[in-house]
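Notes for the one structure printed next.
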Amino acid sequence: MTIEFKSKWLPALISGLLLTAAFPKIGLSALAWFALVPLHIALRERTPKEAFRIGMIAGLAHYLTLLYWVVFTMRTYGYLPWWQCVSLLVLLAAYLALYTGLFSLALVRLCQKPVHLVVVAPVVWVALEYIRSFLLTGFTWGTVGYSQFNRLHIIQISDMFGVYGISFLVVLFNAAAYVLLLFLARKKWRDHPVDKRHAAFAAVLPLILIGLGLAYGSTRVRAMDSAMAGALSPRVAVIQGNIDQARKWDPAFQISTTKKYVDLTLSVVPDHPDLVVWPETATPFYFEASPKLTRLVTDAVRQAGIHLLVGSPSAQGAAGSRAYYNSAYMVAPDGRTTGRYDKVHLVPFGEYVPLKRVLSFVGKMVAQVGDFSSGEKGRTLVWGENQPPVGVQICFEIIFPALSRSLVSNGAGVLVNLTNDAWFGKSSAAYQHFSMAVFRAVENRRSLVRSANTGISGFVDPAGRVMAHTALFEDAVLVRGVPILTEQTLYTRIGDVLPIVCLIALGTMMGRLMCRYRQEAHDDAVPAKIPDWIKRLVSRVVDKRR
């Protein structure tokens, strides 16, 4: 190995791989607290251009290994050749790696002294994660905070700061650990050593913040346990039909698929559920538009005497101007439809084609599920007497915190995630998707119910505990009492204030840096020589005025 590879590219690669290992399926969440240290090591004494490239390598190593399942999904269900599937993965990873590159560039540009890293690194990282959440429709998969979903006490601060609060702590700890390494090794950052005072600051700040976070978490867990003990807890059943994706939309299997869900539903009647939940597009037909198949469902609901929340495609409008939706219907015990939620945040290239005129060649990637329209944000579904409304999120909507907040702000007493993760096979994607749902429960202090076609289905309580879950690719039913809390958290009320503050701080730091560069350029400029003809002209004007 060359010295350049060992000092620049190898640490970047290690950082990317450690970050991936912190997420499910590997799930070594503790690695996230040290994963960025090798990247910091690689950035020492680098130019901004070199820093950006090093950050890109770290990002590519991370996202190529985190999102490898994209190739399987595109190949199996998009029917694309292997080279196109791999190319799409590389393009997606390269886009996401830009943020890691910009993070590395910002550290080299903004951190003149090593102690600056402790404050600047978490601010920049969280600001960039926030930008990624909405730019180009948004993609929050791989937000660092999600890696800590199983750290019960530390994730409790999410009810104030959201998942970004966890990201902030993780990155701050990484930066502080690196500054302490510099101090112990007596190395410099941009010709500045780490003195004892700065080393003490780097050691104490993360300990104080993490200690406060853990203390808060312990208090909140006890408070949630007390609140749940006295809360109304309706019984909810989730049905995991485990329908093969290759058969799901085959007309020959419509009746057998529907009957399978009906039979699984009737099997839980002895457990007396108040609500039964089927997964995303559980019905392989347009509910209410196919009378015979719809009757199979509504007759079962009447027989069971339960409320049913069922995922189904829907259509609205006349032929020629018809709009299609990925929907969830609430069916009352008498078989009437009492409400419908239409998915708001659609999957680009999966449920619709953005810039369709330009990108018409990717049309067949959405052939199975149609070209859907977006629904109304924040719409909740009413069910039962004295029961709070249900807030539904379909598929990857659950990874967007603002959608959950809007539902809870609109009165939702329980969050329900309907999904079909058969697209992911047995890859790590299904585990990662489930782990992100945990944060929506904690952020809003609502129980979360998840029904997935092939898994992972389960229940998460308002403290973030996974109460029960299913395995992948098996027929399953789960029945649990679901605590209903009504408090509105600080995060529900004010939203993503922390990342917005970080974004403003980043903008301020960049503005000050640009002003400094302009001032330096102005000070170094050589005064221009005034031409003689201008001097003579000015002299004549002055003489005339005299």
key: Subset tally (residues that are surrounded by 18 or more Cβ atoms within 10 Å (Cβ to Cβ) and basic (Lys, Arg)) for segment 377-392   = 1
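Would you say Ser428 is touching a residue at least 12 places away in the same chain (Cβ under 8 Å), farther than 26 Å from Gly339 by Cβ and under 16 Å from the mean Cα position of the chain (by Cα)?
Working: touching a residue at least 12 places away in the same chain (Cβ under 8 Å): yes; farther than 26 Å from Gly339 by Cβ: yes; under 16 Å from the mean Cα position of the chain (by Cα): yes.
In short, yes.
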note = Of Ser409, Ser447, the only residue that is touching a strand residue (DSSP E or B) at 6+ places or on another chain (Cβ under 9 Å) and among the hydroxyl-bearing types (Ser, Thr, Tyr) is Ser447
key: Conditions (1) over 29 Å from Ala422 (Cα atoms); (2) at pLDDT 95 or above; (3) assigned to a helix (DSSP H, G or I); number of the one not met by Gly511   = (2)
Index of the failed condition, Cys515 passing every other in (1) farther than 30 Å from Cys111 by Cα; (2) open to solvent by 20 Å² or more (accessible area, probe 1.4 Å) = (1)
message = Being buried (at least 22 other Cβ atoms within 10 Å of the Cβ) and among the hydrophobic types (A, V, I, L, M, F, W, C) is the filter here; which residues of segment 35-51 pass it?
response = Ala35, Leu36, Leu39, Ala42, Leu43, Ala51
query = Mind checking whether some residue in segment 189-210 is out of contact with any strand residue (DSSP E or B) (no Cβ under 6 Å at 6 or more places or on another chain), of a type in the set (Gly, Ala, Ser) and within 30 Å of Leu485 (Cα to Cα)?
reply = no
query = helices (runs of 4 or more DSSP H) wholly in segment 196-300 with at least 1 residues that are of a type in the set (Ser, Thr, Tyr) and in contact (Cβ under 8 Å) with a residue 24 or more places away in the chain - which ones?
reply = 196-229, 254-267
key: Condition met for Ala176 (in contact (Cβ under 8 Å) with a residue 12 or more places away in the chain, surrounded by fewer than 24 Cβ atoms within 10 Å (Cβ to Cβ) and farther than 30 Å from Arg405 by Cβ)   = no
inquiry  = I want to confirm something. Restricting to segment 204-216 and keeping residues that are of a type in the set (A, V, I, L, M) and surrounded by 16 or more Cβ atoms within 10 Å (Cβ to Cβ), which single residue is farthest from Phe168 (Cα to Cα)?
reply    = Leu205
task = Scan Val119, Val171, Val144, Val86 and give me the residue that is among the β-branched types (Val, Ile, Thr), under 23 Å from Pro38 (Cα atoms) and surrounded by fewer than 24 Cβ atoms within 10 Å (Cβ to Cβ).
result = Val119
inquiry  = What are the pairs with Cβ atoms under 6 angstrom where one residue, in segment 112-136, is part of a loop (DSSP other than H, G, I, E, B) and the other, located anywhere, is open to solvent by less than 40 Å² (accessible area, probe 1.4 Å) and aliphatic (A, V, I, L, M)? Sequence gap at least six, or different chains.
reply    = Pro114/Val179; Pro114/Leu182; Pro114/Val194
request  = From (1) more than 21 Å from Leu407 (Cβ to Cβ); (2) at pLDDT 95 or above; (3) open to solvent by less than 10 Å² (accessible area, probe 1.4 Å), pick out the condition that doesn't hold for Gly455.
outcome  = (2)
inquiry  = Let me confirm something: among Asn420, Asn444, which residue is touching a Lys or Arg at 6+ places or on another chain (Cβ under 9 Å), more than 29 Å from Pro499 (Cα to Cα), at pLDDT 90 or above and buried (at least 20 other Cβ atoms within 10 Å of the Cβ)?
reply    = Asn420
inquiry  = Quick check on my filter: what residues within segment 58-69 are open to solvent by less than 20 Å² (accessible area, probe 1.4 Å) and either modelled with pLDDT under 90 or aliphatic (A, V, I, L, M) (or both)?
reply    = Ala58, Ala61, Leu66, Leu67
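Condition check ((1) in contact with a strand residue (DSSP E or B) (Cβ under 7 Å, 6 or more places away or on another chain); (2) open to solvent by less than 10 Å² (accessible area, probe 1.4 Å); (3) within 20 Å of Val477 (Cα to Cα)) across all residues:
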{"site": "Val238", "(1), (2), (3)": "yes, yes, yes"}
{"site": "Lys248", "(1), (2), (3)": "no, yes, yes"}
{"site": "Thr265", "(1), (2), (3)": "yes, yes, yes"}
{"site": "Glu288", "(1), (2), (3)": "yes, no, no"}
{"site": "Ser321", "(1), (2), (3)": "no, no, no"}
{"site": "Tyr325", "(1), (2), (3)": "yes, no, no"}
{"site": "Met330", "(1), (2), (3)": "yes, yes, yes"}
{"site": "Thr337", "(1), (2), (3)": "yes, no, no"}
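Report yes if some residue within segment 456-467 is among the aromatic types (Phe, Trp, Tyr), touching a residue at least 24 places away in the same chain (Cβ under 8 Å) and either touching a helix residue (DSSP H, G or I) at 6+ places or on another chain (Cβ under 6 Å) or assigned to a helix (DSSP H, G or I) (or both); otherwise report no.
Let us first name the residues in segment 456-467 that are among the aromatic types (Phe, Trp, Tyr), namely 459.
Remaining after also requiring touching a residue at least 24 places away in the same chain (Cβ under 8 Å): 459.
Retained after the next criterion (residues that are either touching a helix residue (DSSP H, G or I) at 6+ places or on another chain (Cβ under 6 Å) or assigned to a helix (DSSP H, G or I) (or both)): none.
Checked against the condition, which is being among the aromatic types (Phe, Trp, Tyr), touching a residue at least 24 places away in the same chain (Cβ under 8 Å) and either touching a helix residue (DSSP H, G or I) at 6+ places or on another chain (Cβ under 6 Å) or assigned to a helix (DSSP H, G or I) (or both), segment 456-467 yields no hits at all.
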ask   = Any idea which residue in segment 468-487 is nearest to Pro273 (Cα to Cα), counting only those that are outside any strand (DSSP E or B) and either touching a Leu at 6+ places or on another chain (Cβ under 6 Å) or hydroxyl-bearing (Ser, Thr, Tyr) (or both)?
value = Ile484
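The values are calculated or read from the model by the stated rules, or taken from the named source; none is laboratory data. Owing to the predicted nature of the structure, the values given are computational and were not obtained by experimental measurement. Ideal geometry is used to build each Cβ from the backbone, glycine not excepted, and the neighbour counts take in all protein chains shown. Keep in mind that these areas ignore ligands, DNA and RNA; they rest on the heavy atoms of the full protein, side chains included. Shrake-Rupley method; radii C 1.70, N 1.55, O 1.52, S 1.80 Å.
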